[in-house]
1. Pairs under 6 Å by beta carbon, first residue surrounded by 13 or more Cβ atoms within 10 Å (Cβ to Cβ) in the stretch 29-41, partner aromatic (F, W, Y) and in a helix (DSSP H, G or I), six or more apart or different chains?
2. Name the residue, out of I52, I13, that is hydrophobic (A, V, I, L, M, F, W, C) and at pLDDT 85 or above.
Amino acid sequence: MPWKETKVIEERIKFIAAVKSGQWCFADLCRDFNISRKTGYKYLKNYESEGIYVAQR
């Protein structure tokens with residue numbers, strides 16, 4: 001079975017959606033998405049300040 005290919009922006013959008021749902025602990029989400037909490041907060045800050053298209057930074 002081949003690996004599923006995903007794009008970085010798609011994963012970031014999934015991360016932001018999961019954070020915004022409020023169903024999971026932020027640290028657990030960062031662990032599940034294999035990013036540091038610092039990076040997770042950066043993605044969240046970018047999204048909240050400038051919208052979904054800036055979440056790609």
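1. From the stretch 29-41, the pairs are F33/F15.
2. Sole residue among the options that is hydrophobic (A, V, I, L, M, F, W, C) and at pLDDT 85 or above: I13.
The values are calculated or read from the model by the stated rules, or taken from the named source; none is laboratory data. As the structure is a prediction and not an experimental result, all values here were calculated from the model. Heads up, the Cβs are rebuilt from the backbone with ideal geometry, glycines too, and the neighbour counts pull from every protein chain shown.
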